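Notes follow the structure.
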Amino acid sequence: MVSNNHLAERVAAQIAPLLPTHSSILIGLSGGVDSVVLLHLLHQLAARFSWQLSALHVHHGISPNADEWAEFCADLCARHRISLHIEHVDIAPLRAHGIEAAARKLRHAAFARQPCDFVALAHHADDQAETLLLQLLRGAGVRGASAMPMLAGRAGSPNLPRRGSCALWVLRPLLHCSRQEIFDYAAAHDLQWIEDESNADDNYPRNFLRHRVLPLLSERFPAYRDTLARSAQHFAEASSLLDELAQQDAAQMIEGETLAVAVLQALSPPRAKNLLRYFLHGRSAPMPQAVQLDDMLQQLCNAREDAAVCIAYGDWQVRRYQGKVYALRALGEFDQSLVSSWHGEAELDWPALNTRLHFKRTNSSGISLAKLQRAPVTLRLRRGGESLRPQPNAATRTLKNLLQEHHVPPWQRDRLPLMYCGEELVCVPGVAIAAEYQAAADEAGFSVVFCPDQDVPCGENNST
């Protein structure tokens with residue numbers, strides 16, 4: 001049996017240096033033994049380190065017992081006086097990805113929506129070993145085989161940022177604990193938990209490894225958890241070195257959201273693929289299969305200069321335009337009659353680009369608020385023949401020429417929001433503001449900015 005304090009002190013020694021005092025920690029609580037033990041441990045340590053705890057239970061609705069699990073988690077958190085949020089999700093639209101992958105995607109999205117500094121998950125050493133084996137059996141590269149880190153993010157940064165930005169910091173306090181240690185701790189503290197009936201179904205690849213393969217492996221290699229963890233660490237170090245090489249190759253060649261084709265053409269195929277993987281990872285794009293990556297590289301480097309290169313994989317696309325590579329989520333059909341009224345809101349959806357527009361107040365720059373009082377303000381799509389005068393002393397320019405001059409990719413030109421005051425074109429975000437509507441010195445104005453999480457590289461920046 002694990003002593004009352006031994007496991008808690010081990011966990012404290014490992015995670016306390018990573019978490020600033022007064023950090024807010026959101027615990028992923030399924031109700032299983034792993035997450036129940038994690039909640040119990042962090043509850044014991046929270047007062048000592050001034051951590052603020054909350055919990056999230058994701059109700060997938062897959063099991064007929066899902067309501068009982070949510071009720072169990074609510075009772076458990078109430079006893080510990082820990083705030084719990086229960087989020088119901090619908091797995092049906094993502095079933096094509098497989099139940100496990102769909103559930104994981106929905107959980108990650110639910111965690112990202114919660115205000116906290118860190119998300120604490122109950123992955124342990126057995127999970128680590130299973131993950132590494134699954135990744136190897138899927139033919140993963142060194143990044144995939146790196147398995148799970150204790151802290152996901154820019155480890156090594158002297159000061160971890162608070163959870164106000166886009167980053168989602170994931171902490172795994174039990175990563176160096178075995179499943180047996182967790183069960184022993186639960187028994188020593190007389191903890192109760194729920195059993196997910198699907199954990200016994202070895203039709204799932206992870207359960208097959210857990211129930212059929214790893215027990216046999218343990219008979220011959222009892223230290224397999226430690227040795228596989230070391231291998232995962234070796235893969236992580238190799239992945240880090242490949243990233244450093246990619247950073248050197250990418251110097252001056254990755255500009256904002258694009259990668260220069262010329263650098264891919266100049267490198268050896270393995271090195272070019274490494275750089276392309278690094279670029280895709282930086283854009284939060286999924287990693288393509290090996291054969292897809294080979295085809296992607298061949299088309300990007302060898303297609304005719306004027307070819308409209310577009311490689312689709314999953315929900316993403318890789319495109320080439322004017323010697324640059326773009327990676328973006330695939331844009332679906334859109335309502336070509338789309339018109340949105342603007343009444344001064346700070347944000348507005350723009351479904352043609354699957355993005356949001358942010359309206360940020362300025363002074364002495366941007367669009368004049370006063371001049372927009374002349375008529376109703378709307379956002380519309382391009383119809384053809386539009387023009388505006390971008391500077392007070394400049395000639396009127398066609399929108400077609402302005403879009404080309406600002407290197408707006410062709411696939412975005414008909415989807416951009418055009419701001420009108422009555423029937424006068426005021427601005428095209430990221431491209432130009434009509435001279436008649438530009439804010440004067442000491443005049444209140446605003447700029448229109450695309451949500452930075454979205455894939456809308458309009459010219460050199462994404463704001464007007």
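The values are calculated or read from the model by the stated rules, or taken from the named source; none is laboratory data. Source: prediction; values computed, not measured. We place every Cβ from the backbone using ideal geometry, glycine too, and count neighbours over all the protein chains shown.
To keep it simple, each residue is scored yes or no on (1) at pLDDT below 90; (2) assigned by TED's automatic domain parsing to the domain that holds VAL170; (3) basic (Lys, Arg); (4) outside any helix (DSSP H, G or I).
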site	(1), (2), (3), (4)
LEU53	no, yes, no, yes
TRP69	no, yes, no, no
HIS85	no, yes, no, yes
LYS105	yes, yes, yes, no
ASP127	no, yes, no, no
GLU130	no, yes, no, no
GLN135	no, yes, no, no
GLY144	yes, yes, no, no
ALA147	yes, yes, no, yes
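Given the conditions (1) under 22 Å from the mean Cα position of the chain (by Cα); (2) surrounded by 18 or more Cβ atoms within 10 Å (Cβ to Cβ); (3) among the aliphatic types (A, V, I, L, M), and given that MET287 satisfies all but one, which numbered condition is not satisfied?
Checking MET287 against (1) under 22 Å from the mean Cα position of the chain (by Cα); (2) surrounded by 18 or more Cβ atoms within 10 Å (Cβ to Cβ); (3) among the aliphatic types (A, V, I, L, M), the one that fails is (2).
Search the stretch 13-40 for residues that are among the charged types (D, E, K, R) and pair each with any residue that is in a loop (DSSP other than H, G, I, E, B) when their beta-carbon atoms are under 7 Å apart and the residues are at least 6 apart or on different chains.
Correct list of pairs: ASP34/ALA122; ASP34/HIS124; ASP34/LEU174.
Condition first: outside any loop (DSSP other than H, G, I, E, B) and under 18 Å from MET419 (Cβ atoms). Now tell me which residues in the stretch 387-403 satisfy that. Outline the logic, then answer.
In the first step, residues of the stretch 387-403 are kept if they are outside any loop (DSSP other than H, G, I, E, B); the result is 387-388, 397-403.
SER387, LEU388, ARG397, THR398, LEU399, LYS400, LEU402, LEU403 - these are the residues of the stretch 387-403 that are outside any loop (DSSP other than H, G, I, E, B) and under 18 Å from MET419 (Cβ atoms).
Against the definition (over 24 Å from GLU255 (Cβ atoms), surrounded by 13 or more Cβ atoms within 10 Å (Cβ to Cβ), of a type outside the set (Ser, Thr, Tyr) and not assigned by TED's automatic domain parsing to the domain that holds PRO269), how does LEU353 come out, yes or no? Before the answer, list the steps.
Numbers: over 24 Å from GLU255 (Cβ atoms): no; surrounded by 13 or more Cβ atoms within 10 Å (Cβ to Cβ): yes; of a type outside the set (Ser, Thr, Tyr): yes; not assigned by TED's automatic domain parsing to the domain that holds PRO269: yes.
Against the criterion (over 24 Å from GLU255 (Cβ atoms), surrounded by 13 or more Cβ atoms within 10 Å (Cβ to Cβ), of a type outside the set (Ser, Thr, Tyr) and not assigned by TED's automatic domain parsing to the domain that holds PRO269), LEU353 does not qualify.
Would you check if ARG48 is closer than 14 Å to ILE27 by Cβ and surrounded by fewer than 16 Cβ atoms within 10 Å (Cβ to Cβ)? Break it down stepwise before answering.
Details: closer than 14 Å to ILE27 by Cβ: no; surrounded by fewer than 16 Cβ atoms within 10 Å (Cβ to Cβ): yes.
Criteria not met by ARG48.
I'd like to check something: does the stretch 30-38 contain any residue that is in a loop (DSSP other than H, G, I, E, B), in the same structural domain as ALA186 (by TED's automatic domain parsing) and at positive phi? Walk me through it before giving the result.
Restricting attention to the stretch 30-38, the residues satisfying the condition of being in a loop (DSSP other than H, G, I, E, B) are 30-32.
Keeping just the survivors that are in the same structural domain as ALA186 (by TED's automatic domain parsing) gives 30-32.
Now restrict to residues that are at positive phi: 31.
Yes, the stretch 30-38 has at least one match.
In this structure, is LEU357 touching a Pro at 6+ places or on another chain (Cβ under 9 Å) and either assigned to a strand (DSSP E or B) or over 25 Å from LEU245 (Cα atoms) (or both)? Walk me through it before giving the result.
Working: touching a Pro at 6+ places or on another chain (Cβ under 9 Å): yes; either assigned to a strand (DSSP E or B) or over 25 Å from LEU245 (Cα atoms) (or both): yes.
Here the answer is yes, as LEU357 does meet what is asked.
Among residues belonging to the stretch 321-346 that are free of Cβ contacts under 8 Å to residues at least 60 places away in the same chain and closer than 28 Å to HIS281 by Cα, point out the one that is farthest from the chain's Cα centre (by Cα).
Checking each candidate, the answer is GLU333.
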